[in-house]
Amino acid sequence: MTDMNSILEPGMLVLHPQRPDWGTGQVQSNIGGRITVNFREEGKVVIDGNRVELIPLLDP
């Protein structure tokens, strides 16, 4: 499996596959597999990139 989380950089927009109710999130940081994302409906969340593969929005 390709680690899509490794391409995530600050400013990129993502969705959480298990939490669509959180809306679109903007990546704040991606350090050592810990991805901090500011979601429109949930606020700032730190995600373990080893457990959740975020969905990048490459063309919002």
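The values are calculated or read from the model by the stated rules, or taken from the named source; none is laboratory data. From a predicted model like this one, the values you see are computed outputs, not experimental measurements. Every residue, glycine as well, gets a Cβ built from its backbone with ideal geometry; the counts of neighbours run over all protein chains shown.
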* Is segment 11-20 home to any residue that is at pLDDT below 95 and of a type outside the set (Gly, Ala, Ser)? -> no
* Structure fact -> Within segment 1-18, of all residues that are surrounded by fewer than 15 Cβ atoms within 10 Å (Cβ to Cβ) and farther than 19 Å from Gly32 by Cα, the one nearest to the chain's Cα centre (by Cα) is Pro17
